[in-house]
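Only one structure is covered here, and it is reproduced in the block below.
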Amino acid sequence: MWIRFLSILAVAAACAYPREARAAFERQGEGVRSCAMGGAGVAWSGNVWGILQNPAGLARITGPVVAVAVSPAPFGLLELRRTSLAFAQGMDRFTAAVTATRYGFELYREITFGAGCGVDCGKGLRAGAALTLNNLSIAGYGSASCIGIDAGVSWEIAGGFEAGASVSNLNAPGLGKDRETLPRTLQAGIACAFPGGLFLACDVAEDVRFPADIRLGAEWNPAGFLSVRGGISTDPSVYSAGIAVRISPVEIEYALTRHEELGFTNRFGFSLRLGGV
């Protein structure tokens, strides 16, 4: 069992940075839409998963939203299963959200709980912040926890054109006696909706320890109930595609990503949106 455990950790390391050791609690864009679009999403408004990508993106949600995202066997390994839940409730210019994520198996497990909010400041400007409680458990070694602070802003420059920026774990939280620092990532991006149902997004994300990752994504809505998506990220090189079907108020999503070294991962999502964006 321990040989398989070490193999799984080696795969997890390559998932994030093929040339470097992986840090715990790597953000992987929990939302299926973001995954299908190369991981882009820092500039989106009305995004329930913004609590983990850019809390300012919560601000345009004006009604209750419940979402679930599951990656059942990344790279063919059931032990790397990832399950995330999110709930957001909009109240006039203020939106509150909570989330929970579970990653791993009985020998290695990461659990994250988050709570955040987004505020519409007027004139297209939005701001947000979130707290995350991160718990790491390794069989035979015990567990450790820490609290991270995220923050972000977004600006609707013109109709259909938005820019955003965020920072995760800006307080540089650390785990255990050695205070292993959680990934601290800076993100900035733009998103633009065009006539004919075309939506494009571009992000630049940089962990302060590693080179920048460029993320490009596109979405086409040929009909009101259907979205087709695709994207790419550069570090590591990952290609992605996906589809979403909406039967109001329900949306069902699927994304397929291909890591250049590790292969394919399936992601599934479900959301129930009872009002607002």
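The values are calculated or read from the model by the stated rules, or taken from the named source; none is laboratory data. Please read these numbers as outputs of a predicted model, since none were measured by experiment. Positions of Cβ are backbone-derived with ideal geometry, glycine not excepted, and every protein chain shown enters the neighbour counts. The area values use the complete protein model at the heavy-atom level, side chains included, leaving out ligands, DNA and RNA. Shrake-Rupley method; radii C 1.70, N 1.55, O 1.52, S 1.80 Å.
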Note down the magnitude of the dipole of the chain about its Cα centre, charges +1 on Lys and Arg C-beta and -1 on Asp and Glu C-beta and zero elsewhere, to the nearest 20 debye.
320 debye
Residue separation between R102 and L78 times 0.36 nm, minus their alpha-carbon distance, gives in nm 7.3 nm
Taking a label point 7 Å from the Cα of N135 along the Cα→Cβ vector, which residues of the range 98-119 have an amide N closer than 20 Å to it?
98-116
Given the rule -39500 (n - 2.57) for each run of at least 4 DSSP H residues, summed and divided by the residues of the chain, what is its mean residue ellipticity at 222 nm, to the nearest 500 deg cm²/dmol?
-2000 deg cm²/dmol
Part-to-part distance (alpha-carbon centres) for the range 137-210 and the range 76-136, which is given in Å
11 Å
Sort largest first and round to whole Å: the equivalent ellipsoid semi-axes of the range 196-277, each the square root of five times a Cα gyration tensor eigenvalue.
27, 15, 13
Does anyone have the angle between helix 2-16 and the longest principal axis of the chain? Alpha-carbon axes, 0 to 90°, nearest 10?
40 degrees
Give the span of the range 78-121's Cα atoms along each principal axis, as three whole-Å numbers ordered largest to smallest.
44, 12, 11
Based solely on C-alpha atoms, express the radius of gyration and the Dmax of the range 141-185 in angstrom.
15.9, 53
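Enumerate by residue number the chymotrypsin sites (Phe, Trp or Tyr not before Pro) in the range 219-273 meeting two conditions: DSSP loop (anything except H, G, I, E, B), and at most 14 other Cβ atoms within 10 Å of the site's Cβ.
Working: sites: W220, F225, Y239, Y254, F264, F268, F270; in loops: F225.
Those that pass, being in a loop and sparsely packed, are F225.
At R0 = 25 Å, how high is the FRET efficiency between L274 and L186 if r is their beta carbon distance? Nearest 0.05 is fine. Intermediate values should be presented prior to the final figure.
On the way: r = 34 Å, r/R0 = 1.35.
Efficiency, rounded to the nearest 0.05: 0.15.
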Å² per residue, accessible surface of the chain at 1.4 Å:
45 Å²
Taking 0.36 nm per residue of sequence separation and subtracting the Cα-Cα distance, how much length would be gained by fully extending the chain between A223 and V68, in nm to one decimal?
53.4 nm
Between V208 and F113, what length comes free when the chain is fully extended (0.36 nm per residue of separation minus the Cα-Cα distance, one decimal in nm)?
31.9 nm
